[in-house]
Amino acid sequence: MSAFAESVRTAVELIVHADPVLLRTVGLSLSVSGTATIFAAGLGLALGAWLAVARFPGHRMLVLLLNTLLALPSVVVGLVVYLLLSRSGPLGSWGILFTPAAMVIAQTILILPVVAALTRQLVGDSLRDGGDQLRSMGAGPMTCALLMLVHDRWAVLTVLIAAFGRAIAEVGAVMVVGGNIDGITRVMTTSIALETSKGDLPLAMALGIVLLAVVGVVNTGIGMAQRGHGSALAGVR
Amino acid sequence: MRDLASGSARPLVCLRDASVRFGSVQALRKVSVDVQRGDFIALVGPNGSGKTTLLRVLHGMLGHEGTRELADTSVVQAMVYQRPFVMRLSVANNLRLALWLARVPRGEWAGRAALALRRVGMSELGERPARALSGGQQQRLALARAWAIQPQILFLDEPTASLDPTAKKEVEALLAGFAADGMTLVMSTHNLGQAKRLARRVVYLDQGEIQRDLPTGAFFGDGAGARADQFLKGEMAWQLES
């Protein structure tokens, strides 16, 4: 049997038998990346909306920096968070290095630029379309921007899906700040990295397939909600 | 720009020596105009003559040189655009949003929204997604949204330019009704027939300056003047190119 076919078979077995270790690992992946996405959404949507309407010296530079941070290497984020949270670091007293909390912080920092930069672009485009109308109705600049988040809520959701995807698929940051401790900080991607290093390529590949399947299920649910909304818009409900 | 509020005997909006420049383009040159209560003014003129800029200045949406005085601080204004922007919400929620932004007490929202929808003949469409409406219906929603906040003055930027003849007729009927109710309207339009049918006063703009400001009858009689006359005959574009 080819390695790929064996990987698929292993993945199916892991899912069908509801392997407890797999479920725990998937659960931790979802909770860490989901929590990071919620934090990044709270901060990034507000930051992106504000950047779409604010004008101040250095605004262009800040936008350029934000766009540059889209390419932020996850391992660099892990390293920075590690230095901050290590015993000798400024936040060492928190004592959260090698815990899921540290992983959430690292992933939040990693995906915050994604949410903020895409939101800024999205809100900016919509303001060109309807900003004048909203201002004429009495909305201030920040109110206009926040209303555009409501107006473009399905596109905003797509931004958050992209951010969640970046978080759950990254390995560098969670490996550095989580330490890949079995049962405590081991997530799907660090499991895959571990199995690959041990030479168990079929299992590593199987875990990769499971990871994709999990993200696929999440996206399918959101996609169905979006399609439902689209039907409503077309008056077909 | 100076915005001042003063006694109620004055015009609703009094604009003096307003100038606006966009880069190297002088969009308005020392324009002075009074908008009186109950006026229905049509702003006409060739493309790029400054109609939309003047509307935005009158509405207080655009910075300018010169002064703009309102009759009093409580003058409620609204504006309807050529291509109405409606939120991806239901029709009723678009109206509620307008009322919220206009700081109308929450207790009045339902009544005002229902009245506004009835006014524009859309009572049955309150729960429809606003973006699913036709262009004409969206423009009627924009008019309902403006009407709901009970503005003393309504600015309209070519409100029927992108509508089919039926929708155009519906919108014109609504505007005539608003004017009959005593609402002050200032509308830019390329449609001279529409200006003639609806407006009581015509302001002709050319190259950022007001060339004529006359009662409608006088303007379409023999008071338009040479360049406005060319515009009325549809010869302006040819003249500009020659």
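The values are calculated or read from the model by the stated rules, or taken from the named source; none is laboratory data. Keep in mind that what you see is a predicted model, and the values were worked out from it rather than measured. In this analysis, Cβ positions are derived from the backbone assuming ideal geometry, glycine residues included, and neighbour counts consider all displayed protein chains.
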Practice task
Kindly indicate whether any position in region B:39-61 is crowded, with 19+ Cβ neighbours inside 10 Å, more than 18 Å from B:VAL186 (Cα to Cα) and of a type in the set (S, T, N, Q).
Solution key: no
Completion exercise
Exactly one of B:ALA142, B:ALA179 is over 19 Å from B:LEU232 (Cα atoms) and surrounded by fewer than 22 Cβ atoms within 10 Å (Cβ to Cβ), and that one is B:ALA179
Handout entry: Residue among B:VAL44, B:VAL25, B:VAL31, B:VAL13 that is modelled with pLDDT of 90 or more, among the hydrophobic types (A, V, I, L, M, F, W, C), over 22 Å from B:ASP181 (Cβ atoms) and touching an Asp or Glu at 6+ places or on another chain (Cβ under 8 Å)
Key = B:VAL31
Exercise for the section: Filter region B:98-112 down to the residues that are under 23 Å from B:ASP157 (Cα atoms) and either out of contact with any helix residue (DSSP H, G or I) (no Cβ under 9 Å at 6 or more places or on another chain) or touching a residue at least 12 places away in the same chain (Cβ under 8 Å) (or both), then identify the one that is surrounded by the fewest Cβ atoms within 10 Å (Cβ to Cβ). Expected result: B:ALA102
Practice task
May I ask you to list pairs of residues, at least six apart or on different chains, whose Cβ atoms are under 9 Å apart, with the first in region A:206-219 being farther than 14 Å from A:SER191 by Cα and the second being of a type in the set (Ser, Thr, Tyr) and part of a helix (DSSP H, G or I)?
Solution key: A:VAL214/A:SER29
Exercise for the section: Using the structure shown, decide if A:GLY124 is more than 13 Å from every other protein chain (Cβ to nearest Cβ), assigned to a helix (DSSP H, G or I) and crowded, with 18+ Cβ neighbours inside 10 Å. Expected result: yes
Completion exercise
Counting only helices (runs of 4 or more DSSP H) entirely within region A:139-223, those with at least 3 residues that are surrounded by fewer than 22 Cβ atoms within 10 Å (Cβ to Cβ) are A:141-151, A:153-169, A:188-198
Problem - Matching residues, region A:97-121, being in contact with a Leu (Cβ under 6 Å, 6 or more places away or on another chain) and farther than 30 Å from A:ARG60 by Cα - result: A:LEU97, A:ALA102
Problem - Matching residues in region A:1-23 - criterion: being surrounded by 10 or more Cβ atoms within 10 Å (Cβ to Cβ) and over 17 Å from A:GLY199 (Cβ atoms) - result: A:ALA5, A:VAL8, A:ARG9, A:ALA11, A:VAL12, A:GLU13, A:LEU14, A:ILE15, A:ASP19, A:VAL21, A:LEU22, A:LEU23
Fill in the blank from the handout: Considering region A:24-46, residues that are buried (at least 21 other Cβ atoms within 10 Å of the Cβ) and among the aliphatic types (A, V, I, L, M), and then whichever is nearest to A:ASP125 (Cα to Cα), we arrive at A:LEU45
Fill in the blank from the handout: Here the residues within region B:162-210 that are of a type in the set (S, T, N, Q), in a helix (DSSP H, G or I) and out of contact with any Asp or Glu (no Cβ under 8 Å at 6 or more places or on another chain) are B:THR166
Problem - Residue among B:ARG212, B:ARG200 that alone is touching a residue at least 60 places away in the same chain (Cβ under 8 Å), charged (D, E, K, R) and away from chain A (no Cβ under 14 Å) - result: B:ARG200
Practice task
Just need a number here: residues in region B:46-97 that are in contact with a helix residue (DSSP H, G or I) (Cβ under 8 Å, 6 or more places away or on another chain) and of a type in the set (Gly, Ala, Ser).
Solution key: 3
Exercise for the section: Select from region A:133-146 the residues that are more than 7 Å from chain B (Cβ to nearest Cβ) and in contact with a helix residue (DSSP H, G or I) (Cβ under 8 Å, 6 or more places away or on another chain) and list them in ascending order. Expected result: A:LEU134, A:PRO141, A:MET142, A:THR143, A:CYS144, A:ALA145, A:LEU146
Exercise for the section: Please find, within region B:133-171, the residue that is nearest to the chain's Cα centre (by Cα) out of those that are among the polar types (S, T, N, Q) and within 14 Å of chain A (Cβ to nearest Cβ). Expected result: B:GLN139
Completion exercise
Residue hits (region B:184-242; more than 29 Å from B:ASP17 (Cβ to Cβ) and either buried (at least 17 other Cβ atoms within 10 Å of the Cβ) or at pLDDT 95 or above (or both)) are B:ASN191, B:GLN194
